[in-house]
Amino acid sequence: MTRWTTWLAMTTATAVVIVIAATDQHTNLSLGLLYLFPIIVVGMAAPRRFVLLYAFVCTWLTAVFNRSPLTMGASLAQDALVLFALGGTGLVAYELTRRRRREAEHRRVFELEAAARREAEEQLAFVINTSPAAVLTMTDAGDVVEANEAAHRVFGVESGGLAGRQIARYIPALGRVPTRADMTHTFHTEMRCRGERDNGAAFPAAVFFSTYTTAKGPRLAAMVIDTSAELVDREEANLEQLMASSRVLVSAMTHEVRNLCGAVAVVHENLARSGTLTGNKDFEALGTLVDALTRIASVQLRHSNRQVRATEVELLDVLDDLRVVLDPICEEAGIPVEWCISVSERPLLVSVDQQHLLQALLNLIKNSHRAMRDVERARLTITVLERSDAVSIRVSDTGPGLAATDHLFQPFQTGATCTGLGLYVSRALVRSFRGDLRYDPDPTCTFVIDVPRVPKEWAPGVRTISHDTYTAAAR
């Protein structure tokens, strides 16, 4: 009730009281009953105190202007009865009006909440129905209650045909999820599993599901995503990476073959000059084979070098990816890792192939891991040092070191595990983007990867990392 409405009601009630009092004064009739009308008006619009005030005023006017011989000299009890009747009527009107007003307010709030609820339900239904992911709800027995259009497309079922079917027919793993009837807590998790379409075709699926309880019993809600495209993209990316690494390896091998062919060609030329094998068909055939092999190696080398393209990347982001892969390995082996990174306040941009650099770093770390298997105090240290034109990444370990380093980066070394190609391939990968991999025995067994730096303008405040010691095994 507004202040203006209250003021208007009280003004009207006052005018009616004045009219009744003036009429009562000039007549011999008792008009005290008419005071109920202004009292009701005040009770419908004014607070309680005004209701009681008007009741007292009207009772006094009734006692003063009542000139009826029957009521002349009415007792105090009669005045109290009049006051009670007038005040009670006004308070009843006040309570009824307030209750009606409160009910109207509650009805308005309820209608607003219902409208908001309907709008939220419509928006939620729109999001679910237009979602590219399959969204389903199931009973505790695994029967599908509701499913959106995407679910019918994913499982290859006609629209509206999933309701009532067993979800285990399409996602067997969901059929084994316990419901609230079996558990004391709810599930909110995800899983990777195999799905099956209505025609029997299988597909990889990512499932996000949760259990909840309704008035009709336990329910299971799930969102199913067909990850076939993701699998294809990942496999294609792995194939491209494998091909890129193979090209680098072939390039490095053909480089070595060309060097050997060059040496053989020199020996062949010296023998040809001596004249001792002049006219020997086998000797001439050997020279032809050497020339052909040299040309093949040179062509393959040039072709492979065109395939490698370095890009500008943030070295600290590459090291973050390395840490994600490295932490579980070192935690399992109990090897603490110390990161010593000290760079200036700017993005540390380098010109590298990110995957090649990660592969080279992982190969060095795996070598260090094997070297420290029997070491009592194993520790792996990764240090980043920046120079004006390059950045050095040093991988050091507390292993026993290397007995011989003369042919360290040559393939097929005697005494090496497997083929002995690890360091050879790693250096080839680093050199593919004009970096270098070298060995530094002082003070510990250390391999250093030098990567070319990208000259950029200073960008203060992008990222600052100082000496950061991180022990993976102690987590």
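The values are calculated or read from the model by the stated rules, or taken from the named source; none is laboratory data. On a predicted model such as this, the values are computed, not experimentally measured, just so you know. Heads up, the Cβs are rebuilt from the backbone with ideal geometry, glycines too, and the neighbour counts pull from every protein chain shown.
A few points about this structure:
- No other residue among 155, 110, 126 is more than 27 Å from residue 188 (Cβ to Cβ) and either exposed (fewer than 11 other Cβ atoms within 10 Å of the Cβ) or not acidic (Asp, Glu) (or both) apart from 110.
Per-residue answers, yes or no, for (1) under 25 Å from residue 173 (Cβ atoms); (2) charged (D, E, K, R):
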| position | (1), (2) |
| --- | --- |
| 117 | no, yes |
| 120 | no, no |
| 123 | no, no |
| 132 | yes, no |
| 140 | yes, yes |
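- When region 182-207 is filtered for residues that are modelled with pLDDT of 85 or more and within 20 Å of residue 143 (Cβ to Cβ), the ones remaining, listed by number, are 193, 195, 196, 197, 198, 205, 207.
- Members of region 113-152 found to be under 22 Å from the mean Cα position of the chain (by Cα) and of a type in the set (Ser, Thr, Tyr), listed by number: 130, 131
- Matching helices (runs of 4 or more DSSP H) fully within region 30-144 where at least 1 residues are free of Cβ contacts under 8 Å to residues at least 24 places away in the same chain, more than 25 Å from residue 3 (Cβ to Cβ) and not small (Gly, Ala, Ser): 48-65, 76-130
- Residue that is modelled with the highest pLDDT, among those in region 443-455 that are within 23 Å of residue 358 (Cα to Cα) and in a loop (DSSP other than H, G, I, E, B): 454
- Condition broken by residue 27, with the remaining ones in (1) part of a loop (DSSP other than H, G, I, E, B); (2) touching a Cys at 6+ places or on another chain (Cβ under 9 Å) satisfied: (2)
- If you filter region 389-438 down to residues that are surrounded by fewer than 14 Cβ atoms within 10 Å (Cβ to Cβ) and among the hydroxyl-bearing types (Ser, Thr, Tyr), you find that the one that is modelled with the highest pLDDT is 405.
- Region 313-346: number of residues that are buried (at least 18 other Cβ atoms within 10 Å of the Cβ) and not in a helix (DSSP H, G or I): 6
- Test for residue 80: is it closer than 30 Å to residue 214 by Cβ and either surrounded by 10 or more Cβ atoms within 10 Å (Cβ to Cβ) or within 29 Å of the chain's Cα centre (by Cα) (or both): no
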